[in-house]
Amino acid sequence: MLTPFKNPGYAWLWWSNALSSSGRWALILILSLQLLQTTHSSFWVGLGLFLTQGPVILLAPLSGVLADRFDRRTLNVMSAALAGVTTGVLALTTWLGVLTLPLELALSLAYGVAFVFQLTLRSTLVPSLVPPAQLVSAVSLFQVGTQGAQFLGPALATPLLVSGGPALAWLFCTALYAASALTSIPVGPSRAGTAIGNPTGVLQQSFRYLYARPLVWTAIWAVSLHCALTMAYQGMLPMFVSMDLRAPDSSYGALLTSIGLGAALGSLGLARLSDPRFRPVLFGISLVGSGISLALMAATSSVAVAIASGFFVGATQAMFMSMALALIQGSVDDRYRGRATSVYQLITMAPMAIFGWGMGGLADVTEPRPLMIGSGLGFVVVMAIFLFASPWLRALFGVRAWVSGSQPATVPALT
């Protein structure tokens, strides 16, 4: 299971990713609470979180083209450094007491630009650092770092936030991103090795390239629905804790930590059960479980039950995302990987950013609880309809699809 760590470049990238992901989840915690305390509105919380990932709508194609044209390691170092500078400015302006709402939103946008590039670059680097036979384990272990950071970031930032205030917590974020940039340097140069032409034409080819692989295309749209319906709750979560659970800020940190712990253990379990024969069952469990567990977490009025349910929210969501990403990464050629990954990020992350902002605004009109329950159950219903209509989604519940989907060639018909 830990074989990918025998590749030194992968080990360095894993640590760089874990550090930057911890910084991101600490940022989500601090930014959400700071915006809620300043505005007392989930609309502004949703907008702030939208700005931290919304740039994917415009910049994902550019990040993919750059990833296939330039050294991916160097770009990853630069994007982590930009995120560190942004959080450093947030720390300084908070400490000086000059941080205003417009400035905080502008810095959130600057951070979002850095995050989009990191997202694409880290995903494209992994397959170039391990042999194809280790890819599923490598992606799953990489997600352990990504999702484990959802546990570690809030777990470390919460006591700093409570005892030292947001300025100290922002400084902690800056240190994490600085460490991420430094640990990315030993990864070594990584280029696609093929020059590309006109970016506009190439991106159109990338859409056609993915569309020609129906299992991959189906997985992308399944993840898009998953992100829009089961992962857009983050903008509502602070208000859910304060309004529906009537709990203090520390409970919000505990809930994020529980979700992150579940995500880490879910990804670790997937890495352990990486054999194709397990994937159809795990895909079904994670698909249904991510919607049901979110609805259960939202329905409770007990902080303890919400935290326990959050563990399963994180575990099932991480498994679903990891399996889909491994299928996609294993099905594209390296010379297309940056652009294909950016198309994947565009189709999946944009709905999550938009729905997250929209649900944050709706939470000001109605309480978060019914919105979270409706989106969780709605995902299960929508996927049931999708399952009925798509033979390719049904194929993902069979072992053969996962074996075929790991090959770069177009998948043959399975009927």
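Between I285 and H40, 0.36 nm times their residue separation minus their Cα-Cα distance comes to what?
84.5 nm
Scattering from the C-alpha atoms of segment 340-382 alone, worked out with Debye: what is log10 I(q)/I(0) at q = 0.25, 0.26, 0.28, 0.29 1/Å? Normalising to I(0) and taking log10 leaves -0.89, -0.91, -0.96, -0.98. Quote the FRET efficiency, to the nearest 0.05, computed for D71 versus L101 with a Förster distance R0 of 30 Å and r equal to the Cβ-Cβ distance. In this case the efficiency is close to 0.20. The portion of the accessible surface of the chain made up by carbon and sulfur, rounded to a whole percent, is 73 (1.4 Å probe; DNA, RNA and ligands excluded).
Working note: 222 nm ellipticity from helices only, DSSP H runs with n ≥ 4, each -39,500 (n - 2.57), summed and divided by the residues of the chain, gives -27000 deg cm²/dmol to the nearest 500.
The ellipsoid that matches the Cα gyration tensor of segment 126-183 has semi-axes, each √(5λ) in whole angstrom, of 31, 13, 5, with the longest given first. Once the C-beta distance of R272 and K6 is scaled by a Förster radius of 22 Å, the resulting FRET efficiency is 0.80 to the nearest 0.05.
Take the chain with all the other protein chains still there, run a 1.4 Å probe, and you get 37 Å² of accessible area per residue. Here the mean projected area of the convex hull built on the C-alpha positions of segment 226-333 is 7.1 nm². Be a star and scan segment 85-99 for residues whose amide nitrogen sits under 13 Å from the point 7 Å along the Cα-to-Cβ vector of L182. Label zone hits: none. A Förster radius of 35 Å combined with the Cβ-Cβ distance from S301 to V162 puts the calculated FRET efficiency at roughly 0.90.
Derived from the Cα gyration tensor, the three semi-axes of the equivalent ellipsoid of the chain are 31, 26, 19 Å, largest first. Given segment 19-129, what whole percent of its Cα pairs are spread farther than 18 Å? In whole percent, the share of Cα-Cα pairs in segment 19-129 beyond 18 Å is 50.
The values are calculated or read from the model by the stated rules, or taken from the named source; none is laboratory data. Predicted model only: the values in this text are computed from it and were never measured. Neighbour counts run over all protein chains shown; Cβ positions are idealised from the backbone, glycine included. Heavy atoms of the whole protein, side chains included, go into the accessibility calculation; ligands, DNA and RNA do not. Shrake-Rupley method; radii C 1.70, N 1.55, O 1.52, S 1.80 Å.
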